[in-house]
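As structure tokens, the structure follows; a few thoughts come after it.
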Amino acid sequence: MATELLSPLLLLLLLAVVTFSCSPVAARTPELVELTLLAGAREKGAVCLDGSPPGYHLQRGFGSGAHNWLVYLQGGGWCNTTESCSERKMTEFGSSKFMEAVEFTGMLSNRHQENPDFHNWNIVVVRYCDGASFAGDADGEDLDGTKLFFRGLHIWEAVVDELMTKGMDTAKQALLTGCSAGSLAALLHCDNFRKQFPQDVSVKCLSDAGFFIDEKDLSGERSLRSLINAIVHLQNVREALPKGCLANKDPTECFFPAELIKSISTPTFILNSEYDSWQIRNALAPNGSYPGQAWSSCKADIRNCSSTQIDVLHGFRKKLVSELKVAEDKKDWGLFIDSCFTHCQTPFRISWISRISPRLGNKTIAESVGDWYFGRREEVKYIDCKYPCNPTCSSRLPTA
């Protein structure tokens, strides 16, 4: 089942490939943010799948944000077999040889209008090239006999160390975030990120479209669990998992956010769709889990779903909302759980803050995250009603 699930992941890199839109940026910086390769990567054992050095993009802060840092972990799928990791190393998601400069938009933009609260911060996008949410610590052998490097945990540690030498050690405020597989990585490393700074520094985390749930697919199998289980064992992610969870549960269970959030003590904001388009397409209704093409049209666009199919999606929503109860009960945490058919909302202007952005409590995602981070409201916890109740959900939102 994991192999069946993997095909669309590789073909489309559906797990939140962070595509940066073409919105212009302010004249004070170049439109494209160039790639910086990690110094001394090989000596630190911090390399991509193919052994090349990992990279990141750093856009310097200015004015009142010159000493604030936003670190964004890129998403882009997982690889769970030697075959899939071999394919992946021939792309930008497994080798820095294929990485290029990128545009920063949405939460990453340096334009006040597009990103009012974080535009003048130091903003870093860490490129994703390990295939296991920056968590692996192992080596493997490629099909052609060459080495495969599963060094996501080393990449995380080495990039943080390098950013500290570039000014992050004097940060006054910091935020760790990411999209999809990168969002899961932000949860995995949230408390470790907090430990990098003195206690008087405001440090928080944000998870965007990374709340993957362990739900049965349409055939009754647990496709996503099978995939995660293979990743956990192939890439050896144990060291990145909460020790308290590992004492009582299998590592595969501990890789799921429902367990991760129980151990996170750093204030965290969970941004997710109740009808996450990636999870519906690849975990709830993956290829091979249903007869014929009955679900193809529905999972391509929720507006095409029959009433019976919508009931199934409501069941998915119910499971996700129930697993978020832990976050809902944590005092310093925030929630923005909309009912839009989408996946990854922070890196796109259209969903982050625009005329047609999703709204809950009459607030955009950007406004809600800002209210939470800066304490402008006592509590920022929004959970939407069932689809199709929210008129601010747009068909133009990204769906991975």
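The values are calculated or read from the model by the stated rules, or taken from the named source; none is laboratory data. For clarity, every value in this text was computed on a predicted model and none was experimentally measured. Please note: Cβ atoms are built from the backbone with ideal geometry, for glycine as well, and neighbour counts cover all protein chains shown.
Numerical summary
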| item | result |
| --- | --- |
| Condition check for PHE93: under 18 Å from LEU38 (Cβ atoms) and either hydrophobic (A, V, I, L, M, F, W, C) or modelled with pLDDT under 95 (or both) | yes |
| Options THR82, THR91, THR146; residue that is farther than 25 Å from SER357 by Cα and in contact with a strand residue (DSSP E or B) (Cβ under 8 Å, 6 or more places away or on another chain) | THR82 |
| Candidates GLY131, GLY145, GLY51, GLY76, filtered to the one that is surrounded by fewer than 19 Cβ atoms within 10 Å (Cβ to Cβ), touching a residue at least 60 places away in the same chain (Cβ under 8 Å), on the phi > 0 side of the Ramachandran plot and of a type outside the set (A, V, I, L, M) | GLY51 |
| Residue ID - farthest from TRP333 (Cα to Cα), chosen from residues in segment 247-295 that are without any contact (Cβ under 8 Å) to a residue 24 or more places away in the chain and crowded, with 16+ Cβ neighbours inside 10 Å | PRO251 |
| Identity of the residue in segment 383-400, under 21 Å from the mean Cα position of the chain (by Cα) and among the β-branched types (Val, Ile, Thr), that ends up modelled with the highest pLDDT | ILE383 |
| Residue check for PRO358: touching an Asp or Glu at 6+ places or on another chain (Cβ under 9 Å) and assigned to a loop (DSSP other than H, G, I, E, B) | yes |
| Top-ranked residue in segment 325-355 [being of a type in the set (Val, Ile, Thr) and in a helix (DSSP H, G or I); ranked as farthest from ALA300 (Cα to Cα)] | VAL326 |
| Meets criteria (within 26 Å of HIS233 (Cβ to Cβ), surrounded by fewer than 17 Cβ atoms within 10 Å (Cβ to Cβ) and of a type in the set (Val, Ile, Thr)) for THR165 | no |
| Those residues of segment 55-73 which are assigned to a helix (DSSP H, G or I) and touching a strand residue (DSSP E or B) at 6+ places or on another chain (Cβ under 9 Å), in sequence order | GLY65 |
| Some residue of segment 316-324 being assigned to a loop (DSSP other than H, G, I, E, B), surrounded by fewer than 22 Cβ atoms within 10 Å (Cβ to Cβ) and at negative phi | no |
| For LEU335: the one exception among (1) crowded, with 19+ Cβ neighbours inside 10 Å; (2) under 26 Å from ASN110 (Cβ atoms) | (2) |
| Segments classed as helices (runs of 4 or more DSSP H), wholly inside segment 199-308, with at least 1 members that are in contact with a helix residue (DSSP H, G or I) (Cβ under 9 Å, 6 or more places away or on another chain) and either under 17 Å from VAL326 (Cβ atoms) or among the β-branched types (Val, Ile, Thr) (or both) | 223-235, 243-246, 251-254, 257-263 |
| Qualifying residue in segment 200-213 (condition: within 18 Å of the chain's Cα centre (by Cα), without any contact (Cβ under 8 Å) to a residue 60 or more places away in the chain and over 21 Å from LEU108 (Cα atoms)) | no |
| Residue list for segment 361-400, filter: of a type in the set (Lys, Arg), free of Cβ contacts under 8 Å to residues at least 40 places away in the same chain and part of a loop (DSSP other than H, G, I, E, B) | ARG376, ARG377 |
| Count - residues of segment 74-98 that are touching a helix residue (DSSP H, G or I) at 6+ places or on another chain (Cβ under 8 Å), of a type in the set (Gly, Ala, Ser) and not in a loop (DSSP other than H, G, I, E, B) | 1 |
| Which numbered condition LYS299 misses (of (1) buried (at least 16 other Cβ atoms within 10 Å of the Cβ); (2) over 27 Å from ARG359 (Cβ atoms); (3) at pLDDT below 95; (4) not hydroxyl-bearing (Ser, Thr, Tyr)) | (2) |
| Failed item in (1) on the phi > 0 side of the Ramachandran plot; (2) surrounded by fewer than 15 Cβ atoms within 10 Å (Cβ to Cβ), with CYS344 passing the rest | (2) |
| Some residue of segment 215-238 being surrounded by fewer than 19 Cβ atoms within 10 Å (Cβ to Cβ) and within 20 Å of LEU335 (Cβ to Cβ) | yes |
